[in-house]
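Below is one structure, written out as structure tokens; the observations come after it.
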Amino acid sequence: MRIFTTLFFVLFFLTNYGQNKYEYFGVLKLNGNSKTAISYRLFFEINAGLISGYSVTDLGGDNETKNSISGVYNLKTKILKFKEDNILYTKSNFSQKSFCFINFEGKIKLADNSTKIDGNFKGLYKNKTSCIDGTIALVGSEKIYKILNKIENKIKSSKKIDEQKKKEVFTTTLVDNLKVNNLLKNQNLNVFANSNEVFLDIFDAESEDGDVINLYQNGKLILSNYTVLKKIKRFTVTLDNAQTVFKIEAVTEGKVGFNTTSIKIIDSDRTFDLKTNLKKDEKAVISFIKN
């Protein structure tokens, strides 16, 4: 009897307190118009009814933007409220004043990561004046992975597809790739830093395949013909100026595909995971802007 009671308690604890992280993928439709659909990722945690996390708009696009979010969830009424607070990074050239932040409220049953979030949102500028409203339609990541796994299994069991092609099919990596910010040719990632000192870690998160880079800080070459290793190469960056600019140049593409150098930015208690996706001689830029 005691074993049963203990097991029940453990299951109750896991069910009610373990599931507090949620991840969704979907689209925003400005003014509810499907022609203006913009990709959107939402990740948040719930602790004692309070929501904290982030959103990413225009995933992989030229205007990709990551915002911090906050809000509340009422377990009894199932009312979910969240708003985008601050820009963490953006690839957009627009000024901060012109960014329109999502404010959402709706009745959502957050049972697990297979549920949906949909409804209307209000768009507000930083000064709380109205901008563009629209609709939000998101699907839990668990449901997406189940669908992709079914597709992958069908492909691998098909007799019409050769074995080599089957080995190359990993549909779930399509979603995983959306979780990493890829730095592409000529893109400028603006990171809004909270602290006066940040860390820049450079390494190879996959296999060491001979990726070589040059790294420039404010136009000065600080790392020449560096072969990227699994061992982290760390730079401590003091943000003396209003803007500090790093340029990454791909000297080689390595043995496997593009130059895929992993970069982790640590700003106080915040981290940003990046990965270059560059051909030989292509460049990308990271600009640190002090908040």
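Just so it is clear, none of the values below were taken in a lab; they were calculated from the coordinates. Source: prediction; values computed, not measured. Cβ placement follows ideal geometry from the backbone for every residue including glycine, while neighbour counts extend to all protein chains displayed.
Counted residue by residue at 0.36 nm each, then reduced by the alpha carbon distance between them, the extension gain from Lys76 to Lys97 reaches 3.9 nm.
The aspartates and glutamates within cross-link reach of Lys35, meaning a Cα-to-Cα straight distance under 19 Å and a gap of 8 or more places when in the same chain, are Asp58, Asp62, Glu64, Asp118, Asp133. Using 0.36 nm per residue and subtracting the Cα-Cα separation, the extra length available between Ser52 and Asp85 on full extension is 10.8 nm. Taking each residue as 0.36 nm, the span from Asn63 to Asn196 lengthens on full extension beyond its C-alpha to C-alpha distance by 45.3 nm.
In this structure, Asn33 and Ser287 have a Cβ-Cβ separation that, at R0 = 35 Å, corresponds to a calculated FRET efficiency of about 0.60. Tally Lys/Arg at +1 and Asp/Glu at -1 over every other residue whose Cβ is under 14 Å from the Cβ of Phe199; what's the total? Residues near Phe199 contribute -1 overall. Here the spin labels are modelled as points 7 Å beyond Cα on the Cα-Cβ line, and at Asn186 and Val256 they lie 3.0 nm apart.
Tally Lys and Arg at +1 and Asp and Glu at -1 over the other residues with C-beta under 13 Å from the C-beta of Asn188: what net charge comes out? That sum, taken over residues with Cβ under 13 Å, equals +2. Summary of packing: across the peptides 31-43, 98-110, the per-residue average of other C-beta atoms within 10 Å ranks them, highest first, as 98-110, 31-43.
For segment 174-291, the tally of Lys pairs with Cα-Cα distances below 17 Å comes to 27, considering only residues 8 or more apart or on different chains.
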